[in-house]
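Colleague: Take a look at the following structure, please.
The values are calculated or read from the model by the stated rules, or taken from the named source; none is laboratory data. Predicted, not measured: the structure shown is a model, and the values here were computed from it. As a convention, Cβ positions derive from the backbone with ideal geometry for all residues, glycine included, and neighbour counts pool all protein chains shown.
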Amino acid sequence: MKCKKNRAGGRVALEEFSKGDQPVREICKLYGISRGSLYRVTWKEGVKR
């Protein structure tokens with residue numbers, strides 16, 4: 001799996017996502033993770049927008 005390398009980035013992106021003041025596409029560009037993995041992480045953590 002690719003996401004292991006970018007665990008920290010995913011965590012920061014998750015925080016940004018839960019704040020909800022940035023579009024998902026921008027978050028993904030900023031932290032270099034795919035939209036799919038961002039949604040998977042948020043679903044795993046139970047973060048709703």
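Colleague: Yes or no: Glu16 in contact with a helix residue (DSSP H, G or I) (Cβ under 7 Å, 6 or more places away or on another chain), assigned to a helix (DSSP H, G or I) and at pLDDT 80 or above?
Modeller: Spelling it out, Glu16 is indeed in contact with a helix residue (DSSP H, G or I) (Cβ under 7 Å, 6 or more places away or on another chain), assigned to a helix (DSSP H, G or I) and at pLDDT 80 or above.
Colleague: While we're on this one: Sort out which residues of region 16-49 are out of contact with any Cys (no Cβ under 9 Å at 6 or more places or on another chain) and of a type in the set (Gly, Ala, Ser), and write them in order of number.
Modeller: Answer for region 16-49, where residues must be out of contact with any Cys (no Cβ under 9 Å at 6 or more places or on another chain) and of a type in the set (Gly, Ala, Ser): Ser18, Gly20, Gly32, Gly36, Gly46.
Colleague: Report, ordered by the first and then the second residue, all pairs with beta carbons closer than 9 Å, sequence separation of six or more or different chains, a first member in region 4-21 that is under 14 Å from Arg40 (Cα atoms) and of a type in the set (Asp, Glu), and a second member that is in a helix (DSSP H, G or I) and at pLDDT 80 or above.
Modeller: As it stands, the answer is none, since no pair meets every condition given.
Colleague: Shifting gears a bit: Can you tell me which of (1) modelled with pLDDT of 80 or more; (2) in a helix (DSSP H, G or I) is the one Asn6 doesn't meet?
Modeller: (1)
Colleague: Moving on. Does Glu26 meet the test of being out of contact with any strand residue (DSSP E or B) (no Cβ under 9 Å at 6 or more places or on another chain), surrounded by 14 or more Cβ atoms within 10 Å (Cβ to Cβ) and at pLDDT 80 or above?
Modeller: So Glu26 fails the test.
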